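Enquirer: Once you've had a glance at the structure underneath, I'll fire off some questions.
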Amino acid sequence: MVFSLLLTFAFASVPQDTSGALLRAEALLASGELEESRSVLNSYLRRTPRDYNALMLLGSVHLEWPVTGRFDAWRTFKLAAEVSPGNPDPFYGQALVGERLGGADGERMIREALLKIWALDPDYPDSWRLWSGVYQGPSQILEAAEVLGRHSETPGLNERLVRMYLNAEDFSRADEVLASMQNAGRNDAILWALKAESAFLQGETDAGVDAYGLALDRVGIETDGVLWSQIEVIASPRELATHAGVETDRALGAFYRAFWEKREPDLTTLVNERIAEHFERLKEARRLYRIRHPQSRYHSSARWRSIAGANVGRVRAVTGQFLRPDGVALNARTESGIAEPDWDVGVREPDSLSRFRRYGLDGRGLVLVRYGEPDERLISGGSQAAGDVESWTYELDGSDRVLVFSRASSYNTFGGDMVFMPTSATERHNSEVMLERDESAIHADIGMDAWVAFFQADDGLGSRVYVRSHPDNSSVRVWDAGWRAVSAATGSGPLVLAAEAGRHTVGIDFRDGDRLARIRREINVPRYSSGRLALSSLLMSQVDGARLDRSTLARMMPARLVFSKDSTFTLYVEIYNLTADNDGNGHYSIDYVFMPEDNSSPVTFSFEKTTPLEGVVPDRLVVQPGRLRPGVYRVIFRVRDLSNNREALQTRVDVRFR
């Protein structure tokens, strides 16, 4: 594709020769007959040595020539540039030579060619792809931005300039361009997303939150690129697939809101701290862990990445020297008997282009932007700033996750960019899993007990979710299956939230000064309005509640579900959609079964009842002291409609009597 694009440019502005020699040479080149094509062109150029068409075509032949043709191609394109001053196409040919050559020399060729191209045409096709393949430190970015800035009238260029300035941390210039965009009447998602990034990177969190909210309000398919580029580096595989399939503006807006809702670390605050945290990490990763050798074969060849895996033995030798404070070697976690897997350091990267190249960060940067600074960092083989091997440890899900990185993108034993180099099956698993997740640094450091109960709404439409926690005075949010926040409440429990039937997630957070308790659980809200026999959740309160209503008993139900065996307690449940007889009465049987945790004999309370049907039927069981011995029980309750022999079974509730 790139080769055919070059040929198109070569003949775009220069008249064709009348002899047909160039057409013949082009046909020979297209069929792979390089020697014959070169012969035709050399013969033609002996007669007309400064024919631009012939020079560009000969440069293309040299570009395709195995091994030895690349520098000949570069010189030929250089001559074509002298023949046709002001034409960027020969410089594009030189950039392709650099891309074919690879390595440091190739990158230098690409960079020099791009600066010449952009001086003439800042929107030259394929130039931005080439830019993604060169090292982009602050000085290199600002040099390119200076050239591009001479064409500020080019549509779409300003947003590219802002992104370059932000990447180089030149915030004053970025804000100048943003102000000019806004003064020109821009008010779209791109403007506000870039203003948000600028504010976040400068530590102006409030301004960043406001601007990002405006960006999400305006996001659409046409403005998606900037917002997606800001967060793609932390997206999960499922989110990558979902984003690729979004086809409408409305669905795209919902996607971005869900992206951040599921990452909300603290419901007790008014803002989502995870958004600002992401940009802070991104700034740090760019500053410390940019890939420096994007033209390395490692970053464009899955085969080279597999070859680099041969270094694992040497890396094992180094990591064996890393001893943790408890004296356990970091690579001693390998389970005995596990066969060594294919130590492809790409870690699930079958495509030619590495994720390091795609995001411009080495392995440490990719992990930092997802999880922040490690709990433990060990370096060997060099200084603290530039060792050959590093080990990072994070405490996640209650256990240590060890990641090993090595300089392995060069041709040498050690050298190049830091990439993943797992030395055990455990470390490989850690690398794979941690590249599919991300975590906030706002950790939950205190425990919490809570219960969630479901009831039919008083108007018979929809459901109500009751939530009680200990510690009390919590913040609660309910998200639907698409992570859209459908209900929220804050205060002392029980908190009552509205939700439709179906799968949801409930979040319960409590903050005590600097300490946070957090719960995230999937819940399945029942459907009560379908006309089928159904039961609510069970309420249990340590009181004689024979005459108490749902709200009162819910307020008295402890979050920890612990009761005294020497006290009276009441069970409360609601029955929906009983069948009425001719007199308007309902007939049902109900069982309350207490299943001991030690598998001893259950304690069952069973009744048959008749009641006038005037809507919801509440059922209460008052249990006197001494009926249950101390221990943990699982309570199962079920009801049978005796008018039609239908049965409803409610899920279990675990309680403790002491």
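What follows draws every value from the coordinates through simple rules; no lab data is involved. Computed from a predicted structure; not experimentally measured. A quick note on method: Cβ atoms are made from the backbone with ideal geometry, for glycine too, and the neighbour counts reach across all protein chains shown.
Enquirer: What's the center-to-center distance, using Cα atoms, between the range 580-621 and the range 284-312 in Å?
Expert: Cα centroid to Cα centroid, the span is 67 Å.
Enquirer: Rounded to the nearest 20 debye, what is the charge dipole size of the range 250-329 about its Cα centre when +1 sits on each Lys and Arg Cβ and -1 on each Asp and Glu Cβ?
Expert: The dipole of the range 250-329 has a size of about 660 debye.
Enquirer: Which three semi-axes in whole Å describe the equivalent ellipsoid of the range 135-186, each the square root of 5 times a Cα gyration tensor eigenvalue, listed largest first?
Expert: Here the semi-axes work out to 19, 12, 8 Å.
Enquirer: Tally the DSSP beta bridges in the chain and give the antiparallel ones as a percent, rounded to 5.
Expert: 95 percent
Enquirer: Now for a different question. List the GluC sites (Glu not before Pro) within the range 550-646 that fall in a DSSP loop (any state other than H, G, I, E or B) and whose Cβ has at most 15 other Cβ atoms within 10 Å.
Expert: Answer by residue number: 597, 614.
Enquirer: Once you put a point 7 Å from the Cα of residue 481 and another 7 Å from the Cα of residue 399, both along the Cβ direction, what distance in nm separates them?
Expert: In this crude spin-label approximation the distance works out to 3.2 nm.
Enquirer: Another question, then. Which order do 77, 279, 657 fall in if you start with the one that has the fewest other Cβ atoms within 10 Å?
Expert: The most exposed by this proxy come first: 657, 279, 77.
Enquirer: Moving to a separate point now. Given the C-alpha centroids of the range 51-110 and the range 190-253, what is the distance between them in whole angstrom?
Expert: Their Cα centres are 39 Å away from one another.
Enquirer: With a point put 7 Å past each Cα toward its Cβ, work out how far residue 288 is from residue 35 in nm, to one decimal.
Expert: The modelled label-to-label distance comes out at 5.7 nm.
Enquirer: Please give the calculated 222 nm ellipticity per residue for the chain, where each DSSP H segment of at least 4 residues contributes -39500 (n - 2.57) and the sum is spread over every residue; nearest 500 deg cm²/dmol?
Expert: Counting only the DSSP helices, I get -11500 deg cm²/dmol.
Enquirer: Another question about this same structure. Could you work out how much longer the chain between residue 373 and residue 207 gets when fully extended? Use 0.36 nm per residue separation minus the Cα distance between them, nm to one decimal.
Expert: Extra length available between residue 373 and residue 207 comes to 57.2 nm.
Enquirer: In bins 10 Å wide, starting from 0, what share of all Cα pairs of the range 1-129 does each bin hold, as a percent?
Expert: Answer for the range 1-129: a P(r) of 13, 49, 31, 7, 0 percent.
Enquirer: Next up: Near residue 116, which lysines are there with a Cα under 22 Å away, not counting those fewer than 8 places off in the same chain?
Expert: Of all the lysines, those that pass the test against residue 116 - Cα under 22 Å, at least 8 places apart if same chain - are 78.
Enquirer: Separate question: Within 10 Å of each candidate Cβ there may be at most 13 other Cβ atoms; applying that plus a DSSP loop requirement, which chymotrypsin sites (Phe, Trp or Tyr not before Pro) in the range 531-580 survive? Don't skip to the answer; put the middle values down first.
Expert: Numbers: sites: 563, 569, 572, 576; in loops: none.
Counting only loop positions with at most 13 other Cβ atoms within 10 Å, none of the chymotrypsin sites (Phe, Trp or Tyr not before Pro) in the range 531-580 qualifies.
Enquirer: Out of 586, 599, 63, whose Cα points farthest toward the positive end of the dipole of the chain (charges: +1 Lys, Arg; -1 Asp, Glu; placed on Cβ)?
Expert: It is 599, whose Cα lies furthest towards the positive end.
Enquirer: Where the eigenvalues come from the Cα gyration tensor of the chain, what are the semi-axes √(5λ) of the equivalent ellipsoid, largest first, in whole Å?
Expert: Values: eigenvalues 851, 173, 110 Å².
Those come to 65, 29, 23 Å.
Enquirer: Which lysines, on any chain, are close to residue 262 with Cα under 29 Å apart, when same-chain ones fewer than 8 places away are left out?
Expert: Residue 262 reaches 195, 283.
Enquirer: Can you put 278, 151, 243 in order, fewest other beta carbons within 10 Å first?
Expert: In order of increasing Cβ crowding within 10 Å: 151, 243, 278.
Enquirer: Filter the GluC sites (Glu not before Pro) in the range 197-304 to those in DSSP coil with at most 13 other Cβ atoms within 10 Å of their Cβ, and list the result.
Expert: Of the GluC sites (Glu not before Pro), the ones in loops of the range 197-304 whose Cβ has at most 13 other Cβ atoms within 10 Å are 247.
Enquirer: With labels modelled as points extended 7 Å from the Cα through the Cβ direction, what inter-label distance (nm, one decimal) is found for residue 582 paired with residue 221?
Expert: 6.4 nm
Enquirer: So, counting K/R as plus one and D/E as minus one, what does the shell of residues with Cβ under 12 Å around residue 197 add up to?
Expert: Taking every other residue near residue 197 into account, the sum is -1.
Enquirer: Give, in nm to one decimal, the length gained when the segment between residue 443 and residue 624 is fully stretched (0.36 nm per residue of separation minus the Cα-Cα distance).
Expert: Values: separation 181, 0.36 × 181 = 65.16 nm, distance 4.29 nm.
Value of the extension gain: 60.9 nm.
Enquirer: Neighbouring Cβ atoms within 10 Å as the yardstick, rank 448, 181 fewest first.
Expert: Arranged by neighbour count, lowest to highest, 448, 181 become 448, 181.
Enquirer: Taking 0.36 nm per intervening residue step and subtracting the Cα-Cα distance, what contour gain separates residue 562 from residue 268 on full extension?
Expert: 103.2 nm
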